[in-house]
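**Q** The structure that follows is given in the form of structure tokens.
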Amino acid sequence: QVQLVESGGGLVQPGGSLRLSCVASGSSVSIYDISWYHEAPGKQRELVATITIGSRTDYADSAKGRFTISRNNAENTVYLQMNNLKPEETAVYCCDAVARGESYWGQGTQVAVSS
């Protein structure tokens, strides 16, 4: 069973950048499809980006061209590089690992985009 810990959140001005990390332990990230979600106060959790076992990447329309998901198997970590952040992207960002019908979540990291 994999355990996930997210980090890298914080306060950033509109237009700024952050790189989030999802560090795995107990199992290799290479055997999971890994997704990043965000959940804003009062809103439903939304999918931001996915990287599959085969390294295919998919993005929400709002993230295309600004966000990049990547995986470093040696570090057992999945990253989410977020550029040109917008205030409406203030949320808790969580990563999710899926394999064999099982889903494992981290606790999340808070991102605040504000001037």
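The values are calculated or read from the model by the stated rules, or taken from the named source; none is laboratory data. Everything numeric here is computed off the predicted structure, so don't read it as measured data. Counting neighbours? That spans all protein chains shown, and the Cβs are built from the backbone with ideal geometry, glycine included. Each accessible area value is taken on the protein alone, full model and side chains, heavy atoms only, with ligands, DNA and RNA left out. Shrake-Rupley method; radii C 1.70, N 1.55, O 1.52, S 1.80 Å.
**Q** Fully extended, how many nm does the chain gain between residue 7 and residue 61 (0.36 nm per residue separation, minus their Cα-Cα distance)?
**A** Taking 0.36 nm per residue and subtracting the Cα distance, the gain is 17.1 nm.
**Q** Tell me the per residue accessible area of the chain using a 1.4 Å probe; a whole number in Å² is fine.
**A** Values: 5920 Å² over 115 residues.
On a per-residue basis, 52 Å².
**Q** Please state the charge dipole magnitude for the chain, taken about the Cα centre, from unit charges on C-beta atoms (+1 on K and R, -1 on D and E), reported in debye and rounded to the nearest 20.
**A** 180 debye
**Q** Right, next: With unit charges on the beta carbons (Lys and Arg positive, Asp and Glu negative) and the dipole taken about the Cα centre of the chain, which residue among 103, 18, 41 sits farthest to the positive side?
**A** Towards the positive end, the residue furthest out is 18.
**Q** Report the dimensions of the chain along its three principal axes from the alpha-carbon atoms, largest first, rounded to Å.
**A** 40, 26, 23
**Q** For the chain, give me every cysteine whose Cβ has no other Cys Cβ within less than 4.7 Å, ordered by residue number.
**A** Isolated Cys, the chain: 94.
**Q** Tell me the accessible surface of residue 86 in square angstrom (1.4 angstrom probe, heavy atoms of protein chains only), to the nearest ten.
**A** Around 80 Å² of this residue is reachable by solvent.
**Q** What full-extension length gain, to one decimal in nm, is calculated for residue 105 and residue 43 as 0.36 nm per residue of separation minus the Cα-Cα distance?
**A** Full-extension gain reported as 20.5 nm.
**Q** At 1.4 Å probe size, with no ligands or nucleic acids counted, give the accessible surface of residue 75 in Å², nearest ten.
**A** Per-residue accessible area (residue 75): approximately 100 Å².
**Q** Just to verify a number: what accessible area does residue 59 come out at with the full protein assembly present, 1.4 Å probe, Å² rounded to tens?
**A** The accessible area of residue 59 comes to roughly 60 Å².
**Q** Here is a follow-up. Could you rank 19, 71 by how accessible they are, 1.4 Å probe, largest area first?
**A** Output order, biggest surface exposure first: 19, 71.
**Q** Using a 1.4 Å probe over the heavy atoms of the protein chains, calculate the carbon and sulfur portion of the accessible area of the chain as a whole percent.
**A** With neighbouring chains kept in place, the figure for the chain is 47 percent.
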